[in-house]
1. Is there any pair linking a residue in region 349-368 that is within 29 Å of Leu427 (Cα to Cα) to one that is open to solvent by 10 Å² or more (accessible area, probe 1.4 Å) and basic (Lys, Arg), with Cβ under 6 Å and at least six apart or on different chains, and which?
2. If only one of Val328, Val299 is hydrophobic (A, V, I, L, M, F, W, C), touching a strand residue (DSSP E or B) at 6+ places or on another chain (Cβ under 7 Å) and outside any strand (DSSP E or B), which one is it?
3. Which one of the conditions (1) at pLDDT below 95; (2) buried (at least 24 other Cβ atoms within 10 Å of the Cβ) does Asp454 fail to meet, given that it meets all the rest?
4. Among the residues of region 36-65, write down those that are of a type in the set (Ser, Thr, Tyr) and open to solvent by 30 Å² or more (accessible area, probe 1.4 Å).
5. Can you tell me how many residues within region 227-286 are open to solvent by 70 Å² or more (accessible area, probe 1.4 Å) and in contact (Cβ under 8 Å) with a residue 60 or more places away in the chain?
6. For region 103-117, does any single residue satisfy the condition of being at pLDDT 95 or above and open to solvent by 20 Å² or more (accessible area, probe 1.4 Å)?
7. Specify the residue that is farthest from Val36 (Cα to Cα); the eligible residues are those in region 56-85 that are over 33 Å from the mean Cα position of the chain (by Cα) and polar (S, T, N, Q).
8. If you go through region 196-206 one residue at a time, how many are closer than 14 Å to Pro156 by Cβ and either of a type in the set (A, V, I, L, M, F, W, C) or open to solvent by less than 10 Å² (accessible area, probe 1.4 Å) (or both)?
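The values are calculated or read from the model by the stated rules, or taken from the named source; none is laboratory data. In this text the structure is predicted, and so the values were computed from the model without any measurement. Note: ideal-geometry Cβ built from the backbone for every residue, glycine included; neighbour counts use all protein chains shown. Protein only, heavy atoms only, side chains kept; ligands, DNA and RNA dropped before computing areas. Shrake-Rupley method; radii C 1.70, N 1.55, O 1.52, S 1.80 Å.
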Amino acid sequence: MRSAHTVEQVRAAEAALMARLPEGTLMQRAATGLAVAISNFLGGTYGARVVLLIGSGDNGGDALYAGAYLARRGAQVTAVLLSDKPHAAGLAALETAGGQAIPATASSASDGTTAAQSAVAGADVVVDGIVGIGGRPGLRPEALAVVQVAERYGVPIVAVDTPSGVDVDTGETPESHVNAALTVTFGTHKICHLVDPAATACGPVHLVDIGLDLPPAQVQALQAADIKALYPVPHGESDKYSRGVLGLMVGSAQYPGAAVIATAGALAGPVGMVRYVGPDAVASAVREAHPEVVGDGRVQAWTIGSGLGDELDVPWIRELLDAEEPVVLDADGLKALDDSGDHVDVLITPHAGELSRLLGVDRATVEAERLKYARLAAETFDVTVLLKGSTTVIAGPDGEVRVNTNATPWLATAGAGDVLAGLCGALLAGGLTALDAASVGAYLHAAAANLASDGGPITAITVAQALPEATRRLLS
């Protein structure tokens, strides 16, 4: 499990640890881990041209000490000083090791290019030590200028702890920021490492253990072992009823394919039986594609909404939302959701546009502040929210958040959400809570997409067809 802590939690843990260690020990641990990660990123150190972008404070100190480590191993290290108050001991260590430092505004060439910009343009790697986890969103003009040079010349940037300019505690990127090829972080992941749009700006994240003692995390990303432990595997005494029975109210004369696709997702889950409730013509299409599906009867959970179109029975759906059986509410079914319910175990699966309509804000705002609005919807409607997107944000009404990060962009295809809704319903019927069903469903949905895609285009049906193999690989 990857745990992401807030800035306040990290600061408190660092302070407690520093009180027990000799002065400077924590920074040396971080700097050594950073230097090793940079060396591995470069594939070697000797002769490498490394440029450090140094602001004030400990983040710059980490970068300077790492630069000294690299310089001692043969790298050509230049520190571009973006502040007149760099970490003094770190700067001295760099210069003692043979590195050099230049102010960001040092002499310009005839074309107006500064020495700092020339150094960045000719570097093999740029290290972002501009601001640390306490920084505000956005870059100052002098920092932005050198970052833009790196981008212009295609020089990869390794971010120290977090890319400078992102909002660390929310994953938002409202201002200019660094886009890193690699982020090296210390002690724990931060929320911006897991939540888009900042997660995309981080690139791959390498975690260096520096010995922090941390409280429970506010945001988590479950890994394969966590998903395997949650999956409801049948045992020797299981039968089709004890494995769970899922009811599907999906599809319509307008969108019959949604019913077929959602049913495929459900049948690829752990349930023993799927019941379809809907128009006769759609039911015939479902049973033609999936002859094991049966009709109305008792169920342990419902999936409602995918492709319902104009055939939305709002009173009946609202009655089900307040009943004992847990419900997955998707697509058109979201129109039946209100904020008056005492919902037992309801999971909603909107994309950003659907969530924006529920909350009365524009879509771009939701996409820019995904964590904020997933949490707001969970609290407002007393439901678990699975906000689909490049990183899936899952928020429970009690404030717990999980993020799924293993999806391929090829999963952005028509009908993929119907597969997910059916699968999550099957997991609910199999006995999982809404939070766990969303977590397992999002992970397996993405794993199946990766398997089906193999780097190329996919369709919703191929994702559903890949789910059993993705599950077998997980459980093996």
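1. Filtered contacts from region 349-368: His351/Lys388; Ala352/Arg363; Gly353/Arg363; Ser356/Arg363.
2. On the way: Val328 fails: outside any strand (DSSP E or B).
After applying the criteria, what remains is Val299.
3. Against the list (1) at pLDDT below 95; (2) buried (at least 24 other Cβ atoms within 10 Å of the Cβ), Asp454 comes up short only on (2).
4. The first filter runs over region 36-65 and keeps only residues of a type in the set (Ser, Thr, Tyr), leaving 39, 45-46, 56, 65.
The answer is Tyr46, Ser56, Tyr65.
5. 3
6. So the first thing to find is which residues in region 103-117 are at pLDDT 95 or above, and the list is none.
No, region 103-117 has no match at all.
7. Looking at the filtered set, the residue picked out is Thr78.
8. First, the residues of region 196-206 that are closer than 14 Å to Pro156 by Cβ: 201-204, 206.
Narrowing further to those that are either of a type in the set (A, V, I, L, M, F, W, C) or open to solvent by less than 10 Å² (accessible area, probe 1.4 Å) (or both): 201-202.
Final tally of qualifying residues: 2.
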